[in-house]
Amino acid sequence: MRIDKMLANLGYGSRKEVKQLLKSGAVKVDDAVVKDAKQHVDTNSQTITLNGEIIEYKEFIYLMMNKPQEVLSATEDSSQETVIDLLELGDQVYEPFPVGRLDKDTEGLLLITNDGQLAHRLLSPKKHVPKTYFAVIEGEVTEADVKAFAAGVTLDDGYETKPGELQILKSGIMSDIELTITEGKFHQVKRMFEAVGKRVVYLKRISMGPLPLDETLELGEYRELTDEEVELLKTYEVK
């Protein structure tokens, strides 16, 4: 990769500003000053420094966020805060995007990456990647609901969902449940419960495919995925 492109990609300025940076002699490759913007560097085998600080370059970034309510699962919005706004600038420069979406009032696991191939793999309807949610439901959830979800329910627009696995954790005037689905229709969990005459009052995604939410993350916090977690996502196959 050309060194000017690498530095620009990492947010060290426009191509023009990066050229000035190089001319100043601040950038070294393997301890040798590099001033030629066109010089190619191998980010895997060469050590690149700026004013003595090592620059780490990676093509892809993989983040797990515990998304809070009232934040949009979008890359940008003119009036509302997005999940990308919650990232540090050093992560924003990779131009990542949320993998799928969580409704504005839904919390929990959200993957953010710039790896389009992985995002497609996780979101493709053909892959049937399961997503599990914890929800608090207004109304008593019963075994009849478990059976209805297992068969698939008809939403308000006439769409019949694929089977969902509903687990009752607590049943009463307010019920706690976990629901695993393999689709991502608009407001799907809420609309599935509306189809059986009940209302979701709290919703949180707790897993996606093989990846559970890191419960040590506070709302709005995020971390990079480990190499092992990335590999899990890349090789995951629904049995």
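The values are calculated or read from the model by the stated rules, or taken from the named source; none is laboratory data. Keep in mind it's a predicted model, so treat the numbers as computed, not measured. Cβ sites come from the backbone with ideal geometry, for glycine too, and all protein chains shown count toward neighbours. Note: areas computed on protein heavy atoms with side chains; ligands, DNA, RNA excluded. Shrake-Rupley method; radii C 1.70, N 1.55, O 1.52, S 1.80 Å.
On a C-alpha basis, how far is the centre of the range 210-236 from the centre of the range 115-142 in Å? Whole number, if you could? Rounded to whole Å, the Cα centres lie 15 Å apart. How many percent of the accessible area of the chain is carbon or sulfur, using a 1.4 Å probe? Its accessible area is 48 percent carbon and sulfur atoms. Computed with a 1.4 Å probe on the full set of protein chains, the accessible area for Tyr57 sits at about 50 Å².
For the chain, the solvent-accessible area with a 1.4 angstrom probe is 55 square angstrom per residue.
Relative to the current alpha-carbon distance between Glu160 and Glu231, full extension at 0.36 nm per residue lengthens the span by 22.2 nm. What is the distance in Å between the Cα centroid of the range 88-112 and that of the range 161-201? Each part's Cα centre sits 24 Å from the other's.
Over the chain, Cα pairs under 8 Å with separation of 6+ residues give a relative contact order of 19 percent.
Using a cut-off of 18 Å between alpha-carbon atoms, which aspartates and glutamates can reach Lys127, once sequence neighbours fewer than 8 places away in the same chain are excluded? Counting by Cα, and skipping residues close in sequence, Lys127 has these aspartates and glutamates nearby: Asp115, Glu165, Glu183, Glu231, Glu237. Taking Cβ atoms as reference points and 10 Å as the exclusive limit, the residues near Leu7 contribute a net charge of +2, counting Lys and Arg as +1 and Asp and Glu as -1.
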